[in-house]
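Take a look at the structure set out below.
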Amino acid sequence: MRRRLVLGVAFVLTTLAGVASASVLSAGQAAEAPGAADDAAVAGSARLGATVPDPRGGPRWAVRTYQSVSGRRCASVGRTNGGTAFGPSDDKGRVQDSPASFSGSCAQPGTEPAQVILAQYGNVAGTPRSVLYGFAEPAVATITATGPGGPAAVALDQRRTFLVVREGLSVPDSWLLTATLNDGSIRSYRR
């Protein structure tokens with residue numbers, strides 16, 4: 001009985017840590033927590049962006065963007081089964097579809113060249129994951145990322161989203177994302 005209680009508490013804490021550690025960290029701008037009423041999705045505005053494979057297989061990870069009712073651009077991360085569902089996956093690898101409303105981290109367009117979010121999940125197929133994702137404004141020419149395990153390939157898709165998935169949890173400030181702007185200037189973001 002005591003073992004079940006300890007395991008139950010550990011599961012709840014791991015789940016809460018995963019949810020709480022998904023945060024927006026844009027330079028110079030404090031972001032609101034997901035779920036603010038003015039960040040509800042405009043109907044029909046949700047679109048899938050960049051996708052990458054999971055390091056151990058299973059459903060691909062994806063960025064979903066949407067326009068909020070307040071005019072902010074929002075991004076969220078989840079798993080996709082090829083485009084028909086987006087959200088978390090269960091222990092059998094099935095993607096549980098979730099609506100865009102109240103699930104993203106949002107920023108006012110044009111305030112920063114990039115919105116960079118680090119989400120951490122305590123248990124994905126038995127192993128934690130760190131997911132660095134976001135989107136870039138048109139002024140960004142290229143993005144590079146270096147984190148635990150070394151440099152990561154980062155490509156901007158046609159929706160200007162990006163996504164990197166690594167096994168394990170990241171310590172604070174262990175990621176460096178560098179955005180090179182069209183004018184040659186550079187903006188750096190630590191996560």
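Here, each number is a calculation from the coordinates, and none is a lab measurement. Note that the structure is predicted; figures quoted are calculated from it, not measured. Neighbour counts are summed over all protein chains in view; Cβ atoms, including those assigned to glycine, are modelled from backbone coordinates with ideal geometry.
Data table
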item	result
Residue satisfying all of: in the range 55-65; over 22 Å from Cys106 (Cα atoms) and touching a strand residue (DSSP E or B) at 6+ places or on another chain (Cβ under 6 Å); surrounded by the fewest Cβ atoms within 10 Å (Cβ to Cβ) among these	Pro55
Residue match in the range 122-136 (condition: surrounded by fewer than 17 Cβ atoms within 10 Å (Cβ to Cβ), hydroxyl-bearing (Ser, Thr, Tyr) and over 14 Å from Ala75 (Cα atoms))	yes
Residue match in the range 102-125 (condition: under 16 Å from the mean Cα position of the chain (by Cα), of a type in the set (Ser, Thr, Tyr), part of a loop (DSSP other than H, G, I, E, B) and over 19 Å from Arg64 (Cα atoms))	no
Residue under evaluation Gly71, criteria (1) within 21 Å of Val42 (Cα to Cα); (2) surrounded by 18 or more Cβ atoms within 10 Å (Cβ to Cβ); (3) touching a Pro at 6+ places or on another chain (Cβ under 8 Å), criterion not met	(2)
The range 42-57 residues that are at negative phi and in a loop (DSSP other than H, G, I, E, B), paired with ones that are acidic (Asp, Glu) and surrounded by 13 or more Cβ atoms within 10 Å (Cβ to Cβ) (beta carbon under 8 Å, 6 or more apart)	Pro55/Glu167; Arg56/Glu167
Selected residue (only one of Ser174, Ser170, Ser188 is in a strand (DSSP E or B) and of a type in the set (S, T, N, Q))	Ser188
Qualifying positions in the range 170-191 - out of contact with any Ser or Thr (no Cβ under 6 Å at 6 or more places or on another chain), within 20 Å of Pro55 (Cβ to Cβ) and not β-branched (Val, Ile, Thr)	Ser174, Trp175, Leu177, Arg191
